[in-house]
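Here's the structure, in structure tokens; my notes come after.
The values are calculated or read from the model by the stated rules, or taken from the named source; none is laboratory data. Quantities reported herein were computed from a predicted structural model and do not represent experimental measurements. Glycine gets a Cβ as well: all are built from the backbone with ideal geometry, and neighbour counts include every protein chain shown. Just the protein is used for accessible areas: all its heavy atoms, side chains included, with ligands, DNA and RNA removed. Shrake-Rupley method; radii C 1.70, N 1.55, O 1.52, S 1.80 Å.
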Amino acid sequence: MIDYGLLMSVIVAWAASSFAWRVHPPDTFDSTVSALDVLLVPGFVGLVVGRLSTLALDDPRAIGSISDMIVIRSGVEFWPAVAAAALMVAWSARRSNVHPVARVAALAPVAMVAYGGYEAACLFRDGCYGPPTPVVLTPDGLSTPMLPVGILMGASAIAAAVLVRWLGERGWPSGAIVSVAVALIGLILSIGSIWLPKVGGGLSRQHRTSIVITIVAGLATGALLMLGARRATERATP
């Protein structure tokens with residue numbers, strides 16, 4: 001059975017990343033390649049790793065069962081998926097004689113736009129959940145209008161992608177670009193997860209992980225910028 005909501009979400013994410021690629025093509029890629037060419041394999045690897053991570057944490061016995069593994073809607077760990085996809089991009093960079101971190105940094109805004117498109121495509125899945133509001137959107141199966149947190153998260157991710165692209169053009173080092181991109185997405189997830197549905201009264205695993213990732217990536221960004229400034233000073237000193 002085809003999950004049309006998930007299929008449409010993937011199509012929206014692909015369309016968003018393709019548009020971003022056309023508007024501002026990453027500068028470490030050949031002009032003949034497209035967003036689909038670059039993102040397809042890393043995206044698939046990230047999806048597999050994220051799904052296996054969820055099964056390993058929630059139900060290790062399901063690993064090896066194809067029927068259980070392919071039910072993507074039942075959970076994909078976001079950050080292991082991101083890490084796996086980034087490692088694939090870095091590995092392919094070495095094959096192209098491009099610095100791995102520079103390649104990941106160049107692709108970061110496009111990937112952020114793809115993520116934003118996926119979040120905003122909650123309209124095609126089960127509806128966009130959030131806190132009750134007098135008049136906005138009513139998710140399928142409910143009678144109470146809700147603030148569409150997924151759409152707001154998607155818009156925030158796209159805005160963050162524009163900021164990351166601008167910082168790259170301002171000369172930020174590649175490492176700082178990667179870490180600030182991670183910090184911004186982590187911040188969006190950390191804030192958005194407050195209003196997204198979850199089981200139980202505490203923070204979800206993804207919510208807790210996103211908070212930690214945001215703090216670590218933010219500190220790494222500051223450290224990398226300080227290191228870059230120190231090196232620039234040393235080079236300028238006679």
On Cα atoms only, tilt of 35-58 relative to the major axis of the chain in degrees: 60
Segment 91-132, accessible area per residue, ligands and nucleic acids excluded (1.4 Å, Å²): 46
Top positive-direction residue, dipole computed over segment 103-233 with Cβ charges, set 182, 222, 159: 222
Label-point separation, residue 6 to residue 223 (7 Å along Cα→Cβ), nm: 3.7
Counting each DSSP H run of 4 or more residues in the chain as -39500 (n - 2.57), what helix-only mean residue ellipticity at 222 nm follows after dividing by all residues, to the nearest 500 deg cm²/dmol? -23000 deg cm²/dmol
Correct response: the longest run of the chain lacking exposed trypsin sites (Lys or Arg not before Pro), defined by DSSP loop and at most 15 other Cβ within 10 Å, is 1-169
Just subtract the alpha-carbon distance of residue 22 and residue 208 from 0.36 nm times their residue separation and send over the number in nm, one decimal. 63.4 nm
Let me understand segment 103-233 better: what is its radius of gyration from the alpha carbons, and its Dmax, in angstrom? 17.0, 61
If you project the alpha carbons of the chain onto their three principal axes, what span does each projection cover, largest first, in Å? 70, 40, 36
Heavy-atom accessible surface of the chain: percent carbon and sulfur, 1.4 Å: 68
Using a basic spin-label model with each label point 7 Å from the Cα along Cα→Cβ, how many nm lie between residue 143 and residue 234? 6.8
For segment 122-162, what does the relative contact order come out to in percent, with C-alpha contacts under 8 Å and a separation of six or more? 34
Convex hull projection area averaged over all views, segment 1-106, Cα basis, nm²: 7.6
For a label point 7 Å along the Cα-to-beta-carbon line of residue 57, residues of segment 170-196 with backbone N under 19 Å: 182-196
Helix 174-192 sits off the longest principal axis of the Cα atoms of the chain, rounded to the nearest 10 on a 0 to 90 degree scale, by 20
On a 0 to 90 degree scale, rounded to 10, what angle separates helix 4-23 from the longest Cα axis of the chain? 20
